[in-house]
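No value in this document is a laboratory result; all are computed from the given coordinates. Note that the structure is predicted; figures quoted are calculated from it, not measured. Cβ coordinates were reconstructed from backbone atoms using ideal geometry, including for glycine residues, and neighbour counts include every protein chain displayed.
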Amino acid sequence: MDRLEIEGGAPLRGEVQVSGSKNATLPALFATLLAPGVHHLRCVPDLRDIRTTFAVLRTLGVQVEMGARSRVQADASKVENFEAPYDLVRTMRASILALGPLVARHGKARVSLPGGCAIGARPIDQHLKALRALGAQIDLEHGYVNARAKRLTGARIVFDQVTVGGTEQAMMAAVLARGETVLENAAREPEISELAKILTSMGAKIDGAGDSVITISGVDELRPMDHAMAADRIEAGSFMVAAAMTRGDLLIRDCPANHLDAVIEKLREAGAQIETSGKGVRVRGPDRLQPVQITTAPYPGFPTDMQAQLMAACAIANGASVIRETIFENRYMHVPELVRMGADITVEGHTAVIRGVSSLSGAPVMASDLRAGVALVIAGLAARGKTVVNRVYHLDRGYEGIEKKLRKAGARIRRVRSRG
Ligand code: EPZ
């Protein structure tokens, strides 16, 4: 297993380029199942989760290739298998997004239940509730979801809680349903708006994406997409924290600042100087960060996917910060690792109290999930001495060439490849 070795203390300077959004690309790739023909996607990040999605699509019969310059071509003319197997789904939960498109276009789907996850239970009841409301017959057996429908029918669906994946699933099913679907209490994340844009370009009729009520008028068929993915807001936010924590001065190119309001507000409160321009976002870190209070919430609230990174920053702030995680029940796996680096953090239930220390000290640590992993890398960049982040495969799921990008910005970081 690869590891990252970081010699801390170098401020991030210069420029860094943000890649295409992982969490927008995943549903876009599953949406290719909705229309026969050759789909084109640009600005696709080369990540482990994207490659896993290719594997799922290939199993189903889609011919998908990653070409040069982040371009992907997917020919979905001959979808002839309808099963996403456990071995793939267990490595990436988002594979469940195959369900809606398959049942909408092909009338049947069999997708493994994702099972447990490091950050929480993450049930899929809202996905299934939406598909049932649209008329799919759903059975769970032998660890698989079986879905069948002659043709889905539009329905009013009120989500019991805001869910990004559940909203995407329902949208991808409803676009080919007969009649109108209304999604209430829908997620408002930028990834939802981007999926709506893609589906609309394919011929779907969608109103209200980005608001909590989305109306979809089903159509009989869709055509292939040709779309350039937006930049990854969480990758960009992670670089912002890294610059702020290392007393850096970093221009983050293609940073989707308009989707990062809540993060920018907290970083400014913590003392970072942030300027947006046509080129991107420039972040300058203060001598010492100030403490902040953060509660994660669905968009446009503070994103749970930035919680671990901000906690790393709070660990060296001048005073006590409080973070409340309201989206996932177990998303504090980075805490014991940050404590190994000298952080003073106590967790009670969903609340973490972080008493800032003057500096962190490098240590061997272990990434437990994607965002926990990047938080440890950022902590290592700001720490005194050497940090070794183990289990880098978690980072490779969502950060394209992270060590190369950081090294270009002055970080002393290198990947040590495992033997064998
Ligand atoms: C998406 O996951 C993202 N993943 C996550 O990013 C992100 O943390 C999350 O949204 C929240 O913003 C992708 O886009 C691929 P949810 P998703 O459904 O869709 C509960 C990362 O690091 N829930 O919005 O799975 C669920 O347990 C990842 O890039 C149900 O109870 O998240 C959670 O508590 C990690 N029943 C809450 O809703 C359901 O049927 C929000 O989850 C569905 C969800």
Cross-link reach list, aspartates and glutamates versus LYS279, counting only Cα pairs under 17 Å and skipping chain neighbours closer than eight places: GLU15, ASP232, GLU235, ASP249, ASP254
At what distance in nm do the modelled label points of VAL158 and ASP139 sit from each other, each positioned 7 Å from its Cα along Cα→Cβ? 3.2
With a 10 Å Cβ neighbour count serving as the proxy for reagent exposure, in which order, fewest first, do HIS350, HIS394, HIS142 appear? HIS142, HIS350, HIS394
If you fit an axis through the alpha-carbon atoms of helix 22-31 and take the longest principal axis of the Cα set of the chain, what angle between them do you get, 0 to 90°, nearest 10? 10
Could you give me D for the stretch 22-228, from Stokes-Einstein at 25 °C and 0.890 mPa s, where the hydrodynamic radius is the Kirkwood radius over C-alpha pairs? Units µm² s⁻¹, please. 149
Report the antiparallel proportion of the DSSP beta bridges in the chain as a percent, rounded to a multiple of 5. 70
Taking the alpha-carbon centre of each part, the distance from the stretch 238-312 to the stretch 1-79 in Å is 25
222 nm mean residue ellipticity, helices alone, for the chain (DSSP H n ≥ 4; -39,500 (n - 2.57); rounded to 500): -8500 deg cm²/dmol
For a footprinting-style exposure proxy, rank MET225, MET333, MET341, MET240 by other Cβ within 10 Å, fewest first. MET333, MET225, MET341, MET240
Quick shape check on the stretch 111-211: root eigenvalues a ≥ b ≥ c of the Cα gyration tensor, a/c under 1.5 is rounded, otherwise prolate if a/b tops b/c, else oblate, and it reads oblate
Once both axes come from the Cα atoms, what is the angle between helix 164-174 and the longest principal axis of the chain, in degrees from 0 to 90, rounded to 10? 20
How long are the three semi-axes of the equivalent ellipsoid for the chain, computed from the Cα gyration tensor as the root of 5 times each eigenvalue, in whole Å, largest first? 38, 21, 20
Taking neighbour counts of Cβ atoms within 10 Å as a proxy for exposure, in what order, fewest first, do CYS314, CYS117 appear? CYS117, CYS314
What is the Cα convex hull volume of the stretch 295-381 when expressed per residue in Å³? 81
